[in-house]
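Some notes on the structure that comes next.
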Amino acid sequence: MSRQSLKIGVFGFGVVGQGLYEVMQKSPALDDAIVKICVKNRKERSLPDSFFCYNPDEILKDDSINTVVELINDHEAAYTIVKGALESGKNVVSANKKMIAENMEEMIALQKKNNVSLLYEASACGSIPIVRSLEEYYDNDLLTSVTGILNGSSNYILSRIFDNNQEYDTALREAQELGYAEADPVFDVGGFDSLYKLIILTMHSFGIAVNPEDVLRQGISHISDFDINYAKEKGLKIKLAGQVERLSNNRITLFVLPRLVGPEKYIYSVDEEFNGVVIKGLAYDKQFMFGKGAGGNPTGSAVLSDITALMHNYKYEYKKAKYFEPFTYCKDAVIEIYLRTTNPEDLELFGFQSVSEEYHGPDASFVTGMISMNALLEAQEILNRDTIFIAATGKALNY
Ligand SMILES: NC(=O)c1ccc[n+]([C@@H]2O[C@H](COP(=O)([O-])OP(=O)(O)OC[C@H]3O[C@@H](n4cnc5c(N)ncnc54)[C@H](OP(=O)(O)O)[C@@H]3O)[C@@H](O)[C@H]2O)c1
């Protein structure tokens, strides 16, 4: 198949858009491929004014542009842009995990209907080539789970807390200054960013489009000194991790939770803005992918890789959805969690199946025990109270 010549219209010239531009300057085959950049506001930029436009149609309705790269921070506008580009026969690269995760089935259908390609490696784990690896290399029945630190910003904050004794707010501010954090920090520290990435990884691992709203998700924003000391006394760190796991009878379970991890785990040593993904399978036990999960140049490099893949007419085949026996999403797996609250009576609100550790003190109470995912899903509203923090211990039943 011949190499396609690309004429690219880019949407967005923020952290990732500028990162992509810089990375492309190092790739001579592509250094004049960008013909237009659509942004939102008129302001002074590092490139001449003539590069920029403010009306999406200047790219979407330009027949000479065959490729759209969508790198904006507004998921609703991104949906309209990506859909419009695919419908007008343009291939698209996007880094927008929320837009893709929430519209996964429609995005797959749009590609098929219009015979175009939508690639989104940069949407999950920045510079780590996880999506294409799951799609192409792990394309057989051996894969059993994918677990990872999927959000660079919250990992940066937790690293600073555990390794540098920094305060949460100081670490969050630094993550924002360094360009790791999304405009709204809740997206990162609330676990939403990790969840959207996990939904994308689940599609390429097991071929099932799970609705993000159906998945157990808790973030790190309620972490307290009590939780940090609890982990440190046991020689553990707290990491925010997403996990999708194959269960018996073609079922899968998935969740995003803070996790207590010891030094024997690969993700224990994933620090700062780095991401790390552990892939487990029959026959090969476990493998580990590690790399920068945020920042302009690392994320730009993943976008560049998708752009060059388009030059070779690459498309995701969604092989697991196409060729595997369908998987179903199971919510009744039982996992062990640590649950700390400043209101001891809250502990009665959860249906723990068994308790391995319990403590009541003047400042906080906690329980470590087995609980069903269904019980936690039903208690999401209570879990969202800022007096409560939970973390998975990694132990599980019913798998
Ligand atoms: N930052 C990271 O490390 C990272 C990593 C992986 C994935 N991502 C994803 O990459 C995307 C971009 O993130 P970012 O950090 O680069 O964002 P950002 O720095 O906030 O930049 C956003 C850019 O989008 C432009 N924009 C916003 N709405 C627009 C619209 N309706 N039409 C045209 N342009 C519009 C803005 O224009 P103005 O310049 O005029 O304001 C700005 O240039 C997001 O989906 C994010 O989740 C980011």
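Readers should treat all values here as calculations from the given coordinates under stated rules, not as data from a laboratory. Since the structure is predicted, the reported quantities are computational estimates derived from the model, not experimental observations.
Ellipsoid fit via the Cα gyration tensor, the chain: semi-axes of 38, 24, 18 Å, each the root of five times an eigenvalue, largest first. Short-range pairs are left out: with C-alpha atoms under 8 Å and at least six residues apart, the relative contact order of the chain is 19 percent.
Among Arg246, Arg160, Arg42, the largest mean-square fluctuation in a Gaussian network model of the chain, built with springs joining Cα atoms closer than 10 Å, belongs to Arg42. Would you mind classifying region 50-200 by shape? Square roots of the alpha carbon gyration tensor eigenvalues, ordered a ≥ b ≥ c; an a/c under 1.5 is rounded, otherwise it is prolate if a/b is larger than b/c and oblate if not. Oblate, since a/c reaches 1.5 and b/c is not below a/b. Which of Glu22, Glu357, Glu58 moves the most in a Gaussian network model of the chain with Cα springs under 10 Å? Looking only at Glu22, Glu357, Glu58, the largest GNM fluctuation is found for Glu357. The C-alpha atoms of the chain define a longest principal axis, and helix 168-177 lies at about 10 degrees to it. Between Arg173 and Val355, residue separation times 0.36 nm minus the direct Cα-Cα distance comes to 61.8 nm.
Scanning residues 5 or more positions from Phe288 or on other chains, those with amide H under 5 Å from its amide H are Ile279, with H placed 1.01 Å from N in the peptide plane. If one takes the longest principal axis of the Cα atoms in the chain, at what angle in degrees, from 0 to 90 and to the nearest 10, does the Cα axis of helix 15-25 lie? Helix 15-25 sits at roughly 50 degrees to that axis. Straight Cα distances below 19 angstrom link Lys98 to the aspartates and glutamates Glu70, Asp74, Glu76, Glu106, Glu121, Glu182, Asp184, Asp188, Asp193, Glu213, Asp214, Asp306, with same-chain residues fewer than 8 positions distant left out.
Between helix 296-311 and the chain there is an angle of about 50 degrees, using the helix long axis and the longest principal axis of the Cα atoms. For Lys234, the aspartates and glutamates whose Cα comes closer than 20 Å to its Cα, not counting residues fewer than 8 places off in the same chain, are Asp163, Asp225, Glu264, Asp271, Glu336, Glu357, Glu358, Asp363. Which far-off residues, 5 or more places away or on another chain, put their amide H under 5 Å from the one on Glu182, with H placed in the peptide plane? For Glu182, whose amide H was placed from the backbone, the distant partners under 5 Å are Asp188. Between the alpha-carbon centers of region 364-399 and region 6-46, tell me the distance in whole angstrom. Cα centroid of region 364-399 versus Cα centroid of region 6-46: 44 Å apart.
In the chain, the DSSP-assigned H stretches of four residues or longer account for a calculated mean residue ellipticity at 222 nm of -9500 deg cm²/dmol, using -39500 (n - 2.57) per stretch and the full residue count as denominator. Taking the chain as a Gaussian network of alpha-carbon nodes connected by springs under 10 Å, the highest mean-square fluctuation of the residues Lys83, Lys112, Lys237 belongs to Lys112. A straight Cα-to-Cα reach below 22 Å connects Lys61 with the lysines Lys7, Lys36, Lys40, Lys83, Lys90, Lys112, Lys113, residues fewer than 8 places away in its own chain not being considered.
For region 126-151 and region 175-246, what is the centre-to-centre distance using only Cα atoms, to the nearest Å? The two parts, judged by their Cα centres, are 17 Å apart. Between the amide H of Ser356 and those of Thr368, Gly369, Met370, distances stay under 5 Å, these residues lying 5 or more places away or on another chain, with hydrogens modeled in the peptide plane.
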